[in-house]
Structures are given as structure tokens and as C-alpha cells.
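K.L.:
Have a look at the structure that comes next, please.
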2 protein chains.
Amino acid sequence: MPERDVPSLHVCITCREGEGARLHAALGALLPPEGPVVTLREVTCMASCTSGCTAAISAPGKWSYILGALSVDHAPDLLTYAAVYAAHPSGAVLPSRRPESLRQSVVARLPAL
Amino acid sequence: MPERDVPSLHVCITCREGEGARLHAALGALLPPEGPVVTLREVTCMASCTSGCTAAISAPGKWSYILGALSVDHAPDLLTYAAVYAAHPSGAVLPSRRPESLRQSVVARLPAL
């Protein structure tokens, strides 16, 4: 997979009680060293504080998805979802194709520019 | 302003009771014919139904902002905000620089890829 097709997974690290920072660290520990399925990035405030711990997945030419109400326990499922997203041509992964813990997590989605 | 710098304003036209479609039409009627400050686009579902009528502004290299709880009455203020956003280097317009009706409207924001 060319590097430009690797999705970015942005994790808000400023959310309450440090859950975002813990989630970011857990994701980093789970990424396979031989070639990550996502580029992990930290963000200072995604302006979605009422949604709790928040992350977003995006890639050039694809829909971006913002997910809320996350916790450190979602880290493995987020990477599973990222792999499905990476393989999907538009990024519009149906809820039924997401891990069950993430089916109700979408805060919003945004078309590619 | 080169066309590539014109932000896109996506309006979800599938939200309840047709408010998104009315907002999209109102925005279209308000855009100046001599050169719009935004490229207006309609979207079928932004997956943010609990936020009510939703729109998003984005531009290459800038933060994207998703706004919810909108109505057709927000159309003029959305275009005012779009002009401020277009002129802002990163798109991270402070709430105090947004029209008052839009200061509490942000559902989430997303960094540029």
C-alpha cells in the first residue's frame, strides 16, 4: 500500500481525565512496527468535548469519520476499523462492517474535498 | 483569491423535516454571482442526525469544522463565517470571530490531512 493511502487516525489528547492521551498511547503500543495500517496523530482539541474522548479517521479522497465516547479499551477495535477503512475505496464503511464496540460511535462524517 | 483556496461548505440535505434542504437553497440564493466566497455542496447524510441540521466547512490545508443545530435562519451568518474562515490561514477561527448565532454550533473539528 503506498504511503499516501495510509489513513490518518487523529486522537484528541486534551479530553477530560486524560482518556485521549491514554488511548493515543495504547494505539501507539499496538501498531505493528513492520508497517502501520494507520498514521497515528495526536490533536490538541477537536472541539467535541461533549462527545467525550474523540478520534477521527481520514485519508485523501475519502470520507472522514469522527468518533466519540471512546476509551482506551477501544484501541484494538479502532485499529481493526482502520484496516477496514484503509481497504474501502470511499471510506464509507457501513456500521455492520465496524467492530461492534464502534457501531454507535460516529459523531459526524465529512466528504472528501 | 485562487479557486483552490475557496472553502467548501457542505450542507447535509437529509436531516429531519427538510431543514437542511431549505438551508442549502437559502445559501445558494445568497451567494454573490460575481464570485462565491464558498463552493456550496450538498451531502446525503453526514451521520450527525442527533446534532440536527448539519453543515461543514473545509479547505485544503485547513482545519475542517462541523456545525450542528442549524436552521435556514443561519444562512447569512454561515456566509459571514465562511468569509472569515476563507481569510484565516489555518481555518481555526476563534468562537469570538464567528457570528454570535454560530458560537456554540461546533460539533467537532478535524485537522487537515
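K.L.:
Considering region B:46-67 alone, what residues qualify as being over 17 Å from A:S58 (Cα atoms), at the interface with chain A (Cβ under 10 Å from one of its Cβ atoms) and open to solvent by 10 Å² or more (accessible area, probe 1.4 Å)?
P.N.:
Scanning region B:46-67 gives B:C49, B:T50, B:S51.
K.L.:
Could you list all residues from region B:1-37 that are outside any helix (DSSP H, G or I) and farther than 27 Å from A:L67 by Cα? Steps first, please.
P.N.:
Looking only at region B:1-37, we keep the residues that are outside any helix (DSSP H, G or I), and these are B:1-2, B:6-15, B:31-37.
B:M1, B:P2, B:V6, B:L31, B:P32, B:P33, B:E34, B:G35, B:P36, B:V37 - these are the residues of region B:1-37 that are outside any helix (DSSP H, G or I) and farther than 27 Å from A:L67 by Cα.
K.L.:
Quick one: A:V72 ticks every box in (1) within 14 Å of chain B (Cβ to nearest Cβ); (2) over 21 Å from B:T54 (Cβ atoms); (3) at pLDDT 95 or above except a single one, so which number is it?
P.N.:
Unmet condition: (1).
K.L.:
Can you give me the number of residues within region A:85-113 that are outside any loop (DSSP other than H, G, I, E, B), away from chain B (no Cβ under 13 Å), touching a residue at least 24 places away in the same chain (Cβ under 8 Å) and of a type outside the set (S, T, Y)?
P.N.:
1
The values are calculated or read from the model by the stated rules, or taken from the named source; none is laboratory data. Small disclaimer: the values here were computed from a predicted structure and weren't measured. Every residue, glycine among them, receives a Cβ derived from its backbone with ideal geometry; neighbour counts consider all protein chains shown. These accessible areas exclude ligands, DNA and RNA; they are computed on the full protein's heavy atoms, side chains included. Shrake-Rupley method; radii C 1.70, N 1.55, O 1.52, S 1.80 Å.
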